[in-house]
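Notes for the one structure printed next.
The values are calculated or read from the model by the stated rules, or taken from the named source; none is laboratory data. None of the values given here were measured: they were computed from a predicted structure. Ideal geometry is used to build each Cβ from the backbone, glycine not excepted, and the neighbour counts take in all protein chains shown. We work out accessible area using only protein heavy atoms, side chains counted, and drop any ligands, DNA or RNA first. Shrake-Rupley method; radii C 1.70, N 1.55, O 1.52, S 1.80 Å.
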Amino acid sequence: MIRECEQNDLEEILAIINDGAQAYLGAIPPDRLRTPYMSREELLHEIASGVAFWGYIDEGELLGVMGIQDVQDVTLIRHAYVRTNSQGRGVAAQLLAHLRQLTARPILIGTWADAEWAIRFYRRHGFETVGREEKDRLLKQYWSIPDRQVETSVVLADSRWREGSTKPMNPQNEP
């Protein structure tokens, strides 16, 4: 079952994010890696900034979370994490499919450039990597992240973005 997360889910959301972030070890540049990956204060800030978290529940247990945030004229998919013992079971795919149905806006997703498995996942679900120049512009326009994170990230866009975009896509993310 998928449902919107509530205030009383905060500690579980935080636990899932910090557990699920273990999959990114080696993909997150060492200078950007923190333990815990996300603090309670950061999570509350993300929610206050408009990120609505949705969760996948199986047998009463929250197994994965994914955030959605409308920013200007797009929707961002944010903070997609699944408990390590539940990864590879389709949890993220079901969450992504559900969140895509919640908006008619173009959808953008940012992730670490070295998280090749995450990039493959989003590509399997119809997203394409934008070129480097476009990536930098999008990250600065729609996200609030440090320059170093902009340097080490990619942006993937759905077909609604491609249809409305005047710039060609560059799947190899080359300059």
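Identify, please: which residue in the range 69-79 is in contact with a Lys or Arg (Cβ under 7 Å, 6 or more places away or on another chain) and open to solvent by less than 40 Å² (accessible area, probe 1.4 Å) and is, among those, farthest from M38 (Cα to Cα)? The qualifying residue farthest from M38 (Cα to Cα) is V74. The set of residues in the range 49-69 being hydroxyl-bearing (S, T, Y) and either under 22 Å from D158 (Cα atoms) or assigned to a strand (DSSP E or B) (or both) consists of Y56 alone.
Which ones in the range 58-67 are on the phi < 0 side of the Ramachandran plot and either open to solvent by 20 Å² or more (accessible area, probe 1.4 Å) or not hydrophobic (A, V, I, L, M, F, W, C) (or both)?
D58, E61, G64, G67
Residues of the range 150-175 that are touching a helix residue (DSSP H, G or I) at 6+ places or on another chain (Cβ under 8 Å), at pLDDT 95 or above and not aliphatic (A, V, I, L, M): S153, D158. Do we have A93 as in contact (Cβ under 8 Å) with a residue 40 or more places away in the chain and of a type in the set (A, V, I, L, M) here? Answer is no for this residue. Consider the range 21-57 and keep the residues that are closer than 19 Å to A97 by Cα and among the small types (G, A, S). The one that is least open to solvent (accessible area, probe 1.4 Å) is G55. Criterion applied to E134, E59, E42, E46 was being over 23 Å from E11 (Cα atoms), without any contact (Cβ under 8 Å) to a residue 40 or more places away in the chain and acidic (D, E), and the one residue passing it is E134.
Residues in the range 153-169 that are in contact with a strand residue (DSSP E or B) (Cβ under 6 Å, 6 or more places away or on another chain) and either surrounded by fewer than 18 Cβ atoms within 10 Å (Cβ to Cβ) or acidic (D, E) (or both): D158, M169. Checked against (1) out of contact with any Lys or Arg (no Cβ under 8 Å at 6 or more places or on another chain); (2) modelled with pLDDT of 95 or more, E128 passes all but a single condition, namely (1).
Within the range 16-48, the set of residues being assigned to a helix (DSSP H, G or I) and under 22 Å from W117 (Cβ atoms) comprises I16, I17, N18, D19, G20, A21, Q22, A23, Y24.
Taking first residues from the range 64-82 that are modelled with pLDDT under 95 and partners that are surrounded by fewer than 23 Cβ atoms within 10 Å (Cβ to Cβ), no Cβ contact under 8 Å between residues at least 6 apart in sequence or on separate chains turns up. Based on this model, can you work out whether Q94 counts as touching a Phe, Trp or Tyr at 6+ places or on another chain (Cβ under 8 Å), over 26 Å from P146 (Cβ atoms) and open to solvent by 10 Å² or more (accessible area, probe 1.4 Å)? Yes. For I68, the stated conditions hold: it is of a type in the set (V, I, T) and under 14 Å from the mean Cα position of the chain (by Cα).
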